[in-house]
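Novice: Once you've had a glance at the structure underneath, I'll fire off some questions.
Values quoted throughout were computed directly from the atomic coordinates according to the rules given, and no laboratory measurement underlies them. Computed from a predicted structure; not experimentally measured. Counting neighbours? That spans all protein chains shown, and the Cβs are built from the backbone with ideal geometry, glycine included.
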Amino acid sequence: MQVRAAVIPAAGLGTRFLPATKAVPKELLPIIDTPALQLIIDEAVGAGIDRIVIVTSPSKPSIEAYFEPSDEVLSKLRSTGRHALAKRLEAIGRDVQVTFVHQHAPLGLGHAVACAADVIGDEPFAVLLPDELMGDSSLLDQMARLCESTGGSVVGLKRVPMQEVSAYGVIDPSTEMDASGVVQIRTMVEKPAIEDAPSDLIIIGRYVLTPDVFAELEHVQPGSGGEIQLTDALRAQAAKGPFHGVLSNIARYDTGTPLGWLSAVVNIALDDPAIGEEFGRFLRSRVS
Ligand code: G1P
């Protein structure tokens, strides 16, 4: 079955970005001129997704407002000849079907994904954590094809120094990695102590999951940090059937902290055809 739907958990309070996130959700912070959330949606669309479920909080109404039509701005842009920008604005939320569900309490990533169960239904789906930006859609696309061919869930992976594993979900591979970066996964654990970590391969914020994960989530008890952890439901899936990970070397930016966000913006701006060259000159003048 083709992977056509994606869940974007976006109900968090963004405490690592206060006071900016007091009024602007972190998912709408700009990467040059585009909200991070839009880049996440573009990545999903590039991997063949045409239905997005955003799990948000009633205290973040501007996420929903971003997808509302903006007639006044559009007519202003058109009357001043800025047609390309008008077209771009008009496409927001139109190139893909966007649905919202509310998570009323911050009970964890597993709980956030479970909130989308009724809207997703009985089909495989992607999960994209909006704190992480990818250079392109290739990883998600590879993961979706792998889920379609194996019939099992797939997670994105990254190799990190052992000192960093305790901040992530960590997998226990049961095979060597093949030339496409694919490994089979025996099991996984959320935020282990270094000495308990089964490998140095962490789960990054990209998942393609089979819908039986919703039944597993119903049984998950609060785990690491007292939260309902997605990793705990995935461990139950891996115990029952095929489960794979994919290691990719595409660019990946962690935009969840001010430094990570700034590094992402600088990197992406340097590669931007419109402003990259001038921005590069400015940076060199500042650091030389
Ligand atoms: C979540 C997941 C964790 C994963 C991480 C990737 O953790 O629970 O397994 O490794 O995202 O960013 P969080 O960052 O929400 O603590």
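Novice: What net charge do the residues around GLY46 carry, taking every other residue with its C-beta under 10 Å from that of GLY46, with Lys and Arg at +1 and Asp and Glu at -1? Mind dumping the intermediate values first?
Specialist: Working: positive: none; negative: ASP42, GLU43, ASP136, ASP141.
Net local charge, GLY46 excluded: -4.
Novice: Compute the FRET efficiency between LEU259 and SER138 as 1/(1 + (r/R0)^6), taking r as their Cβ-Cβ distance and R0 = 30 Å, and round to the nearest 0.05.
Specialist: 0.70
Novice: Quick one: net charge around SER199, please, counting Lys, Arg +1 and Asp, Glu -1 for every other residue with C-beta under 9 Å from its C-beta.
Specialist: Residues close to SER199 contribute a combined charge of -1.
Novice: Among bridges DSSP assigns within the chain, what percent are antiparallel (round to 5)? Can you show the working numbers first?
Specialist: Working: 23 of 42 bridges.
Percentage antiparallel, nearest 5: 55.
Novice: Calculate, in nm to one decimal, what ASP196 and ARG281 gain on full extension: separation in residues at 0.36 nm each, minus their alpha carbon distance.
Specialist: Fully extending the segment from ASP196 to ARG281 adds 25.9 nm.
Novice: Cα gyration tensor of the chain, axes a ≥ b ≥ c as square roots of the eigenvalues: rounded (a/c below 1.5), prolate (a/b > b/c) or oblate?
Specialist: Prolate, because a/c is 1.5 or more and a/b exceeds b/c.
Novice: Work out from phi, with θ = phi - 60° and the Karplus expression 6.51 cos²θ - 1.76 cosθ + 1.60, the ³J(HN,Hα) of each residue of segment 6-22, listed in order in whole Hz, and give x for Gly and Pro.
Specialist: So the J values, rounded to whole Hz, are 9, 10, 10, x, 9, 9, x, 7, x, 5, 6, 10, 5, x, 4, 7, 5.
Novice: Evaluate the charge dipole of the chain about its Cα centre and quote only its size in Debye, nearest 20, assuming +1 on the Cβ of each Lys and Arg and -1 on the Cβ of each Asp and Glu. It would help to have the intermediate numbers written out before the result.
Specialist: On the way: 24 positive and 37 negative charges, 158 e Å.
Dipole magnitude for the chain comes out near 760 debye.
Novice: To the nearest 20 debye, what is the magnitude of the charge dipole of segment 35-117 about its Cα centre, counting +1 on the Cβ of each Lys and Arg and -1 on the Cβ of each Asp and Glu?
Specialist: Details: 8 positive and 9 negative charges, 41 e Å.
I would put it at about 200 debye.
Novice: Helix-derived [θ] at 222 nm for the chain: sum -39500 (n - 2.57) over DSSP H runs of at least 4, divide by residue count, nearest 500?
Specialist: After summing the helix terms and dividing by residue count, I get -10000 deg cm²/dmol.
Novice: For segment 85-147, build the charge dipole from Cβ charges (+1 Lys, Arg; -1 Asp, Glu) around the Cα centre, then report which of GLY110, LEU129, PHE100 sits farthest towards its positive end.
Specialist: With unit charges placed on the Cβ atoms, the residue in question is PHE100.
Novice: So if I take the centroid of the Cα atoms in segment 254-288 and the same for segment 49-68, what is the distance between those two points in Å?
Specialist: That distance is 28 Å.
Novice: Let me ask another. Taking the Cα centre as origin and putting +1 on Lys and Arg beta-carbons and -1 on Asp and Glu beta-carbons, what dipole magnitude results for segment 92-145, to the nearest 20 debye?
Specialist: Roughly 80 debye, rounded to the nearest 20.
Novice: Which far-off residues, 5 or more places away or on another chain, put their amide H under 5 Å from the one on TYR168, with H placed in the peptide plane?
Specialist: Counting only residues 5 or more places away or on other chains, the set is LYS191.
Novice: Just how far, in whole angstrom, is segment 201-230 from segment 1-36 if you go by their alpha carbon centroids?
Specialist: 20
Novice: So which lysines can LYS22 reach, going by Cα to Cα under 23 Å and dropping same-chain residues fewer than 8 places off?
Specialist: LYS60
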